[in-house]
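The values are calculated or read from the model by the stated rules, or taken from the named source; none is laboratory data. Given the structure is predicted, the values throughout are model-derived calculations rather than measurements. As a convention, Cβ positions derive from the backbone with ideal geometry for all residues, glycine included, and neighbour counts pool all protein chains shown. Accessible surface is based on the protein model in full, side chains and every heavy atom, while ligands, DNA and RNA are left aside. Shrake-Rupley method; radii C 1.70, N 1.55, O 1.52, S 1.80 Å.
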Amino acid sequence: MASIKTKIGRRAFIKNTSLASGGLVLGFSILNSCKPKDVEKIAVREMPKEWFEINAYLKIGDNGLVTIQCPNPEFGQGVMTSMPMIVADELDIIWEDVLVEQAPFNAEKYGWQFTGGSQGIRRRWEGLRMAGATARHMLKQAAANAWQVPVGEIETTEGVLAHKTSGKSAGYAEMAAAAAQLEVPEEVTLKEVKNFTIIGHSKKDVETQKIITGKPLFGIDYQYEGALIAMAVHPPAFGLKLKSFDDSNVRSMPGIVDVFQINTLTDDMTRGYFDTNAFTDLVAIVGKSTWEVMNAKKQLQAEWEPITDYNFKMDRFGTEVEVTVPKGLESTDGHYAQMTEMASKPGTVARKDGNPEAVFKNAAKVIERSYSCPFLAHNCMEPMNFFANVTDTDAHLAGPLQAPALAETTLSTRLGLPAEKIDIEMTRMGGGFGRRAYAHYAIEAALISKQAKSPVKLVYTREDDMTFGIYRPSYHATYRAALDENNNLVAFHVKAGGVPETPLFANRFPAGAVDNYLAEQWEINSNITIGAFRAPRSNFMAGVEQAFLDEVAEAADKDPIDFRLELLERAKNNPVGENNDYEPDRLAGVLKLAREKSNWANSAPGAHRGVSAYFCHNSYAAHVLDIVMDGETPKVNNVVCAIDCGIVVNPDAASNMAEGAIIDGVGNAMYGSLTFKDGRTEQTNFDTYKMIRHNEAPKNIEVHFVKNEIDPTGLGEPPFPPVMGALANALYKATGRRHYHQPFLGKKEILG
Amino acid sequence: MATFNLKINGETKEIDVDPSTPMLWVLRDHIKLVGTKYGCGIAQCGACTIHLGDNAVRSCQLPVSAVGEQEITTIEGLSENGDHPVQKAWLEIDVPQCGYCQAGQIMTASALLKRNPHPSDTEIETAMNGNICRCGTYTRIKTAVKTAAES
């Protein structure tokens with residue numbers, strides 16, 4: 001790795017000007033605000049008396065401890081550990097000397113503080129390395145100045161600066177004060193991948209000790225003197241809105257302080273892309289304890305009325321668009337009937353190569369299959385919640401958000417406060433999966449606090465959480481494949497749509513591998529709110545595409561892995577079209593690795609195997625999944641997973657995430673389902689919404705990473721979507737039956 | 001409202017609440033022990049698991065009035081320094097992802113090992129089946145329970 005200009009991220013490294021001029025004294029003045037919250041973690045070592053802030057990401061204590069800020073919020077993906085690991089490696093220190101803090105929400109210092117889209121490590125990779133490398137350089141410069149030797153002759157090893165010829169050496173702590181006063185270098189040299197000492201070496205999660213001892217970490221645990229508990233009552237069905245309410249029987253209930261209506265989004269405002277919200281008029285109940293408010297909520301008398309069609313303006317990342325929301329009380333049966341009808345008509349063409357119509361007409365064999373999936377609820381284990389303390393002059397909020405910046409504009413508009421007067425504290429999240437990118441519950445908490453003139457913690461019940469969702473949409477896809485007389489795939493057609501969005505990726509595999517290719521899409525509008533759910537759209541398309549290819553391979557009398565590899569060979573050597581958005585070699589690479597590690601040709605006795613591979617979120621994943629039959633019940637016995645996500649920062653944590661993605665995939669494919677009747681979700685809690693449990697999880701999971709020196713891409717999402725395909729294909733081997741409708745063990749699938 | 005003297009993590013706590021209040025909310029709201037988590041409120045997810053005597057129970061379904069003289073242990077009181085064999089195993093295997101369900105998982109697992117120090121895989125699955133982990137750490141949980149059993 002050569003030298004790198006620091007200018008891209010220079011803003012983040014420019015020191016607080018007062019600190020630069022005041023040096024040590026200001027080093028003291030930042031002590032309070034920078035004091036690590038968790039002292040007990042390093043009980044074995046004394047805390048430093050002084051910290052020297054080198055840049056926004058790190059400060060060095062006078063005893064050699066280093067505090068590193070994790071800029072992005074944590075929801076279980078492990079960034080609190082992996083991001084500081086990147087900084088620490090370039091800084092060249094011992095991991096045991098590192099303390100980690102969640103950085104404050106501050107876009108000026110930390111840029112885009114976002115958890116989602118498998119983008120965390122990918123987008124931070126260069127910046128975090130520079131944070132460590134520039135600090136290391138400044139320490140070297142400080143030592144060079146002190147020892148009157150050229151900076152180029154100074155070396156570092158695990159937090160120690162040394163000058164070989166003079167024999168001088170010093171710990172980072174000794175040079176930190178001087179380093180903190182130096183200019184940030186224009187250019188620094190990053191480590192070569194082979195010289196990494198922390199990146200690529202598994203480290204335990206820095207918060208595990210707190211998790212296993214029950215420390216307050218999550219938004220729902222947030223404590224604030226005098227804070228009241230709030231809950232919000234929302235319409236019982238999509239397509240309904242609040243007409244009126246009678247709080248007379250509730251106000252007198254024990255512990256109840258106030259009951260009032262709030263309106264989260266006004267009709268005239270332009271909404272942000274993540275302001276998704278079907279229920280903007282709510283009744284807030286504020287009281288002294290959760291149980292009292294929960295009881296009052298059950299007793300509130302509210303009347304609801306049907307919505308009419310309505311429009312609102314939305315700022316879609318700089319472009320203002322008009323969004324129409326249809327009236328009506330929708331049902332799952334109706335959705336499937338509509339989707340079947342749409343699928344029978346021509347869609348909007350998204351990509352066409354060659355002459356697919358003619359080739360299908362003259363094909364030796366045509367295979368056509370249709371697939372569908374239901375809505376899904378995110379069901380983060382920590383229900384939505386937020387703390388807010390809003391006064392006339394400022395607002396302090398704290399809670400679980402994947403992207404606090406996305407809430408800022410709406411908060412500012414609705415509170416009538418400038419953004420700089422709104423402070424959002426990022427707490428650890430009890431899961432996210434996309435759901436916590438939609439901040440309506442933070443807006444609600446703020447408005448409730450404002451009206452109640454009190455600090456409040458808004459808590460959703462599980463029922464609120466499941467029935468006021470921003471769901472994974474319901475999708476449908478029809479695939480057709482044409483084989484010639486030699487069993488070559490000569491045409492491929494995908495037509496996909498959904499309620500309310502299309503899941504199509506027109507330029508993904510097998511686009512580019514087939515001469516005649518057609519991709520079409522359609523959409524059915526709905527008033528049910530939908531949003532990002534772990535690997536949006538891919539979470540349907542991967543599974544069904546890979547299940548379909550399995551059937552095509554079978555019709556062509558080819559091994560399913562060989563069949564895919566042949567297509568990938570074609571896409572590599574002689575690609576069709578120019579916009580193919582995957583690298584055939586890397587997709588083939590994970591298939592080959594999974595084939596090797598699973599010993600594909602020799603499955604265990606009684607095991608029925610399915611394979612799948614997919615590209616999404618810049619990474620590649622393949623699974624070989626084994627099912628054994630336990631009487632009539634299929635059990636996932638073993639999954640071998642191969643992933644190419646470039647350099648893996650924290651391998652054991654990365655494996656954990658992939659294991660979780662596989663279990664999540666098996667769970668959602670087998671059982672996940674949210675259905676609607678007259679606008680109401682038919683599932684409201686875990687007694688009716690089936691989540692995968694211990695005895696249904698795969699018995700064993702092996703995760704293998706392709707070793708390369710490609711900058712890290714993404715990992716949270718890529719291993720999830722293809723699981724559904726591997727499972728469908730293994731189920732077919734086990735039972736002789738193909739599965740076309742998720743959930744595989746659901747009513748629709750069983751009744752056909 | 002009524003006054004209750006509860007034995008929690010070896011200490012006696014006096015609280016004044018409605019007798020129907022579930023222990024979950026007594027712990028979280030009134031005693032400020034928030035390690036015990038709210039997940040579903042209907043004993044379906046296990047996030048609120050505590051020990052009542054030696055038994056793992058769902059605190060969201062345990063009214064404070066039903067506790068009486070029985071000792072309550074929460075995740076905060078499972079060990080003095082976070083070094084119960086189950087906690088140590090959780091650290092060794094680095095089980096958690098988001099971590100929200102893990103206190104409940106640990107409380108269920110520690111109760112299991114107390115009554116059955118060497119459970120089979122099936123016994124582990126059966127005992128742990130009431131605890132949902134949305135992140136999907138089930139395979140690691142099983143490994144950690146076995147690790148704790150061996151220690």
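Which of the following residues is open to solvent by less than 10 Å² (accessible area, probe 1.4 Å) and either within 12 Å of another protein chain (Cβ to nearest Cβ) or out of contact with any Phe, Trp or Tyr (no Cβ under 6 Å at 6 or more places or on another chain) (or both): B:Ala43, B:Ala56, B:Ala111, B:Ala66? Lay out the reasoning, then the answer.
Details: B:Ala43 fails: open to solvent by less than 10 Å² (accessible area, probe 1.4 Å); B:Ala56 fails: open to solvent by less than 10 Å² (accessible area, probe 1.4 Å); B:Ala66 fails: open to solvent by less than 10 Å² (accessible area, probe 1.4 Å).
After ruling out the rest, the residue left standing is B:Ala111.
Return only the number of the condition from (1) among the hydrophobic types (A, V, I, L, M, F, W, C); (2) at the interface with chain A (Cβ under 7 Å from one of its Cβ atoms); (3) touching a Ser or Thr at 6+ places or on another chain (Cβ under 6 Å); (4) outside any helix (DSSP H, G or I) that B:Leu91 does not satisfy.
(4)
Exactly one of (1) facing another protein chain (nearest Cβ under 8 Å); (2) open to solvent by 30 Å² or more (accessible area, probe 1.4 Å) is unmet by B:Asp83. Its number?
(1)
Name the single residue that is nearest to B:Gly82 (Cα to Cα) among those in the range B:21-38 being part of a loop (DSSP other than H, G, I, E, B) and touching a helix residue (DSSP H, G or I) at 6+ places or on another chain (Cβ under 7 Å).
Filtering the range B:21-38 for residues part of a loop (DSSP other than H, G, I, E, B) gives B:21, B:31-38.
Subsequent filtering for residues that are touching a helix residue (DSSP H, G or I) at 6+ places or on another chain (Cβ under 7 Å) retains B:21, B:33-38.
Details: B:Thr21: 29, B:Leu33: 15, B:Val34: 16, B:Gly35: 13, B:Thr36: 15, B:Lys37: 18, B:Tyr38: 21 Å.
Only one residue fits best here, namely B:Gly35.
When only residues in the range B:70-79 that are part of a loop (DSSP other than H, G, I, E, B) and within 10 Å of chain A (Cβ to nearest Cβ) count, which is least open to solvent (accessible area, probe 1.4 Å)? Even if it seems obvious, please write down each step before you answer.
Quick first cut of the range B:70-79, residues part of a loop (DSSP other than H, G, I, E, B) only: B:70, B:74, B:78-79.
Subset that is within 10 Å of chain A (Cβ to nearest Cβ): B:74, B:78-79.
On the way: B:Thr74: 0, B:Leu78: 27, B:Ser79: 22 Å².
In this case the residue turns out to be B:Thr74.
Which residues, taken from the range A:706-746, are under 24 Å from the mean Cα position of the chain (by Cα), β-branched (Val, Ile, Thr) and not in a loop (DSSP other than H, G, I, E, B)?
Within the range A:706-746, A:Val723 is the sole residue that qualifies.
Can you tell me how many residues within the range A:464-496 are under 23 Å from the mean Cα position of the chain (by Cα) and not aliphatic (A, V, I, L, M)? Give the derivation first.
As a first pass, look at the range A:464-496 and keep what is under 23 Å from the mean Cα position of the chain (by Cα): A:464-475.
Narrowing the set further to residues that are not aliphatic (A, V, I, L, M) leaves A:464-465, A:467-469, A:471-475.
Number of matching residues: 10.
Touching a helix residue (DSSP H, G or I) at 6+ places or on another chain (Cβ under 8 Å), under 30 Å from A:Ala547 (Cβ atoms) and away from chain B (no Cβ under 14 Å), is that true of A:Val366?
On the way: touching a helix residue (DSSP H, G or I) at 6+ places or on another chain (Cβ under 8 Å): yes; under 30 Å from A:Ala547 (Cβ atoms): yes; away from chain B (no Cβ under 14 Å): yes.
When the stated conditions are applied, A:Val366 passes them.
Output the residues belonging to the range A:162-178 that are hydrophobic (A, V, I, L, M, F, W, C) and more than 18 Å from A:Asp97 (Cβ to Cβ).
From the range A:162-178, those hydrophobic (A, V, I, L, M, F, W, C) are A:162, A:170, A:173, A:175-178; that's our starting set.
Matches in the range A:162-178: A:Ala178 only.
Please work out which residue is surrounded by the fewest Cβ atoms within 10 Å (Cβ to Cβ), limiting yourself to the range A:131-164 and to residues that are under 36 Å from the mean Cα position of the chain (by Cα) and part of a loop (DSSP other than H, G, I, E, B).
A:Glu158
Okay, residues lined up against (1) closer than 15 Å to B:Gly104 by Cβ; (2) outside the structural domain of B:Glu125 (by TED's automatic domain parsing); (3) among the aliphatic types (A, V, I, L, M):
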| position | (1), (2), (3) |
| --- | --- |
| B:Leu6 | no, yes, yes |
| B:Thr12 | no, yes, no |
| B:Asp18 | no, yes, no |
| B:Trp25 | no, yes, no |
| B:Ile31 | no, yes, yes |
| B:Val34 | yes, yes, yes |
| B:Val57 | yes, yes, yes |
| B:Gly68 | no, yes, no |
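Please enumerate the residues belonging to the range A:279-289 that are over 26 Å from A:Phe375 (Cβ atoms) and open to solvent by 30 Å² or more (accessible area, probe 1.4 Å). It would help to see each step written out before you state the result.
We begin by selecting, within the range A:279-289, every residue over 26 Å from A:Phe375 (Cβ atoms); these are A:284-289.
Residue satisfying the conditions is A:Lys288 alone.
Inspect all residues belonging to the range A:287-309 and state whether any of them is among the charged types (D, E, K, R), under 28 Å from the mean Cα position of the chain (by Cα) and not assigned by TED's automatic domain parsing to the domain that holds A:Ser372. If you could, list the steps in order and put the result at the bottom.
At the first step, the residues of the range A:287-309 found to be among the charged types (D, E, K, R) are A:288, A:292, A:297-298, A:303, A:305, A:309.
Adding the requirement that they be under 28 Å from the mean Cα position of the chain (by Cα) leaves none.
Among the residues of the range A:287-309, not one is among the charged types (D, E, K, R), under 28 Å from the mean Cα position of the chain (by Cα) and not assigned by TED's automatic domain parsing to the domain that holds A:Ser372, which makes the answer no.
Which one of these is farther than 17 Å from B:Lys142 by Cα and free of Cβ contacts under 8 Å to residues at least 12 places away in the same chain: B:Arg58, B:Arg28? Give the derivation first.
Values: B:Arg58 fails: free of Cβ contacts under 8 Å to residues at least 12 places away in the same chain.
Sole residue among the options that is farther than 17 Å from B:Lys142 by Cα and free of Cβ contacts under 8 Å to residues at least 12 places away in the same chain: B:Arg28.
Considering only the range B:120-139, state which residues are surrounded by fewer than 20 Cβ atoms within 10 Å (Cβ to Cβ) and not in a helix (DSSP H, G or I).
B:Ser120, B:Asn129, B:Gly130
Is there a residue in the range A:103-112 that is within 14 Å of chain B (Cβ to nearest Cβ), outside any helix (DSSP H, G or I) and either within 25 Å of the chain's Cα centre (by Cα) or within 14 Å of A:Arg124 (Cα to Cα) (or both)?
Initial filter on the range A:103-112 (within 14 Å of chain B (Cβ to nearest Cβ)): none.
Checked against the condition, which is being within 14 Å of chain B (Cβ to nearest Cβ), outside any helix (DSSP H, G or I) and either within 25 Å of the chain's Cα centre (by Cα) or within 14 Å of A:Arg124 (Cα to Cα) (or both), the range A:103-112 yields no hits at all.
Scan the range A:400-444 for residues that are surrounded by 19 or more Cβ atoms within 10 Å (Cβ to Cβ) and among the polar types (S, T, N, Q) and report the count.
Adding up the residues that qualify gives 3.
Across the range A:612-643, what is the total count of residues that are in contact (Cβ under 8 Å) with a residue 12 or more places away in the chain, β-branched (Val, Ile, Thr) and either in a loop (DSSP other than H, G, I, E, B) or surrounded by fewer than 24 Cβ atoms within 10 Å (Cβ to Cβ) (or both)?
Pass one, the range A:612-643, residues in contact (Cβ under 8 Å) with a residue 12 or more places away in the chain: A:612-629, A:634-643.
Narrowing further to those that are β-branched (Val, Ile, Thr): A:624, A:627-628, A:636, A:639-640, A:643.
Now drop any that are not either in a loop (DSSP other than H, G, I, E, B) or surrounded by fewer than 24 Cβ atoms within 10 Å (Cβ to Cβ) (or both), which leaves A:628.
Final tally of qualifying residues: 1.
Taking B:Leu27 and the conditions (1) more than 20 Å from A:Cys380 (Cα to Cα); (2) open to solvent by 20 Å² or more (accessible area, probe 1.4 Å), which numbered condition does it fall short on, given that it satisfies the others?
For B:Leu27, the exception is condition (2).
Which residues, taken from the range A:196-220, are closer than 22 Å to B:Gly77 by Cβ and either assigned by TED's automatic domain parsing to the domain that holds A:Gln261 or touching a residue at least 40 places away in the same chain (Cβ under 8 Å) (or both)? Outline the logic, then answer.
Within the range A:196-220, the first condition is being closer than 22 Å to B:Gly77 by Cβ, and the residues that meet it are A:207-218, A:220.
Within the range A:196-220, A:Glu207, A:Gln209, A:Lys210, A:Leu217, A:Phe218, A:Ile220 meet the criteria.
Residues are listed down the side, and each one gets a yes or a no for (1) among the polar types (S, T, N, Q); (2) under 19 Å from A:Leu727 (Cα atoms):
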| position | (1), (2) |
| --- | --- |
| A:Gln546 | yes, yes |
| A:Ala556 | no, no |
| A:Ile561 | no, yes |
| A:Gly589 | no, no |
| A:Arg595 | no, yes |
| A:Arg609 | no, yes |
| A:Tyr614 | no, yes |
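Would you check if there is a residue in the range A:690-705 being more than 14 Å from chain B (Cβ to nearest Cβ) and not in a helix (DSSP H, G or I)? Show your work before the answer.
Kept after step one, since they are more than 14 Å from chain B (Cβ to nearest Cβ), are these residues of the range A:690-705: A:704-705.
Remaining after also requiring not in a helix (DSSP H, G or I): A:704-705.
Yes, the range A:690-705 contains a residue that is more than 14 Å from chain B (Cβ to nearest Cβ) and not in a helix (DSSP H, G or I).
Residue under question is A:Thr276, and the condition is that it be among the hydroxyl-bearing types (Ser, Thr, Tyr), buried (at least 16 other Cβ atoms within 10 Å of the Cβ) and within 14 Å of chain B (Cβ to nearest Cβ); does it hold? Lay out the reasoning, then the answer.
On the way: among the hydroxyl-bearing types (Ser, Thr, Tyr): yes; buried (at least 16 other Cβ atoms within 10 Å of the Cβ): yes; within 14 Å of chain B (Cβ to nearest Cβ): no.
Considered against the rule, which asks whether it is among the hydroxyl-bearing types (Ser, Thr, Tyr), buried (at least 16 other Cβ atoms within 10 Å of the Cβ) and within 14 Å of chain B (Cβ to nearest Cβ), A:Thr276 comes out as no.
Return a yes/no flag: does the range A:109-130 have any residue that is surrounded by fewer than 15 Cβ atoms within 10 Å (Cβ to Cβ) and closer than 29 Å to A:Gly714 by Cα.
The first filter runs over the range A:109-130 and keeps only residues surrounded by fewer than 15 Cβ atoms within 10 Å (Cβ to Cβ), leaving A:112.
Imposing the further condition that a residue be closer than 29 Å to A:Gly714 by Cα reduces the set to A:112.
Checked the range A:109-130: at least one residue is surrounded by fewer than 15 Cβ atoms within 10 Å (Cβ to Cβ) and closer than 29 Å to A:Gly714 by Cα.
Does any residue of the range A:581-598 turn out to be open to solvent by 40 Å² or more (accessible area, probe 1.4 Å) and closer than 17 Å to A:Met670 by Cβ? Can you show your working first?
As a first pass, look at the range A:581-598 and keep what is open to solvent by 40 Å² or more (accessible area, probe 1.4 Å): A:581, A:583, A:585, A:592, A:595-597.
This time we only want the ones that are closer than 17 Å to A:Met670 by Cβ, so: none.
No - not one qualifying residue is present in the range A:581-598.
Looking only at the range A:464-516, filter to residues that are among the charged types (D, E, K, R) and in contact with a Gly (Cβ under 9 Å, 6 or more places away or on another chain); which one of those is most open to solvent (accessible area, probe 1.4 Å)? Don't jump to the end; show me each part of the working.
In the first step, residues of the range A:464-516 are kept if they are among the charged types (D, E, K, R); the result is A:464-465, A:472, A:480, A:484-485, A:495, A:501, A:508, A:515.
Imposing the further condition that a residue be in contact with a Gly (Cβ under 9 Å, 6 or more places away or on another chain) reduces the set to A:472, A:495, A:515.
On the way: A:Arg472: 4, A:Lys495: 22, A:Asp515: 79 Å².
Among those that are among the charged types (D, E, K, R) and in contact with a Gly (Cβ under 9 Å, 6 or more places away or on another chain), it is A:Asp515.
Give A:Ser118, A:Ser82 a once-over and let me know the one that is part of a helix (DSSP H, G or I) and either within 27 Å of A:Gly660 (Cα to Cα) or in the same structural domain as A:Thr197 (by TED's automatic domain parsing) (or both). Spell out the reasoning first.
Values: A:Ser118 fails: part of a helix (DSSP H, G or I).
On inspection, the qualifying residue turns out to be A:Ser82.
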